[in-house]
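The values are calculated or read from the model by the stated rules, or taken from the named source; none is laboratory data. The shown structure was predicted, so the numbers you read here are calculated from the model rather than taken from an experiment. Here Cβ is always computed from backbone atoms with ideal geometry, including for glycine, and neighbour counts include all displayed protein chains.
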């Protein structure tokens, strides 16, 4: 399907989804938002889901709901997107790091055990279609609340019949294009089994200008647009087919990578990847080579959080988290092409590069 045909088909879906919203005229937190929340809670296997304005909004809203702020200690992986760490800093909480496992993208349970004392929150990112070892991590965390971040591994199972995102106190995700469901603009979702947390999330989410008496809740405009929810409901209807096609593409590349010296797909990575990221010893050389043949390949999070300028005030230095630094130096994002003729060439190209 060429881009123009695809765009016309998507425009028809958007128009069909939007018409009921235009008719009832409730453009913020309308009935379609509640419908999407119910569907996504059922899909993941949680009691509650709360839609909001963006992935960053989901992070910040969750921190507010859990009373994470000044004086709170929050433990994250240094190999993770800066958005959640930025939300922690925005709340004036103290950011701490636990290293990843060797040759893996996910935070190490043993590192968590070494740093968990005194923490008020642990943040676990599930990355690139894979899942962190949540049963072991939960044991290491003890009574410390956990926020799981599902943006890059929506639909992945940790154990048979149990999806990532169902182990922590709260789970967040960005629903934007090329991750999860592919919203045309920003949208976020939060999952929880705790009814009190769900209620607090909803109270904070809704900035209600009609009440003039302050209720003690730090409210904010975290609303989900009804039009977004209506469109995402249609995308959710075809999610199974989207995931199937993604798995087929990912499996093809996984098999090719496994035969090439110097390339690795970490064992925890499954085939539901929204971003297909591998580890490459000669990352720059492989990236240049693949781009010559029209395959998008670029470093992914090449600087771990503790070495980024925005977090320099935390006082960490190179060598403090060696596994995260090693993974960041080798991480390579391969954008899997939709065209089968191009995709079928990738294994041969990888083989030729190693020869």
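Restricting the range 220-238 to residues that are surrounded by fewer than 17 Cβ atoms within 10 Å (Cβ to Cβ) and over 11 Å from residue 36 (Cβ atoms) leaves a set whose member that is modelled with the highest pLDDT is 237. Select from the range 42-62 the residues that are over 20 Å from residue 32 (Cβ atoms) and crowded, with 24+ Cβ neighbours inside 10 Å and list them in ascending order. Scanning the range 42-62 gives 59, 60, 62. Restricting attention to the range 264-278, the residues that are surrounded by fewer than 22 Cβ atoms within 10 Å (Cβ to Cβ) and at pLDDT 70 or above total 4. Restricting to the range 23-41, name every residue that is farther than 17 Å from residue 235 by Cα and either surrounded by 17 or more Cβ atoms within 10 Å (Cβ to Cβ) or not assigned by TED's automatic domain parsing to the domain that holds residue 162 (or both). Matches in the range 23-41: 29, 30.
Conditions tested, residue by residue: (1) in contact with a helix residue (DSSP H, G or I) (Cβ under 6 Å, 6 or more places away or on another chain); (2) surrounded by fewer than 18 Cβ atoms within 10 Å (Cβ to Cβ); (3) in contact (Cβ under 8 Å) with a residue 24 or more places away in the chain; (4) not assigned by TED's automatic domain parsing to the domain that holds residue 18.
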{"position": "135", "(1), (2), (3), (4)": "no, yes, yes, no"}
{"position": "139", "(1), (2), (3), (4)": "no, yes, yes, no"}
{"position": "142", "(1), (2), (3), (4)": "no, yes, yes, no"}
{"position": "146", "(1), (2), (3), (4)": "no, no, yes, no"}
{"position": "154", "(1), (2), (3), (4)": "no, no, yes, no"}
{"position": "165", "(1), (2), (3), (4)": "yes, no, yes, no"}
{"position": "171", "(1), (2), (3), (4)": "no, no, yes, no"}
{"position": "181", "(1), (2), (3), (4)": "yes, no, yes, no"}
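Working only within the range 186-198, note down all residues that are out of contact with any helix residue (DSSP H, G or I) (no Cβ under 8 Å at 6 or more places or on another chain) and either at pLDDT below 95 or under 15 Å from residue 40 (Cβ atoms) (or both). Once the filter is applied, which keeps residues that are out of contact with any helix residue (DSSP H, G or I) (no Cβ under 8 Å at 6 or more places or on another chain) and either at pLDDT below 95 or under 15 Å from residue 40 (Cβ atoms) (or both), the range 186-198 yields 193, 198.
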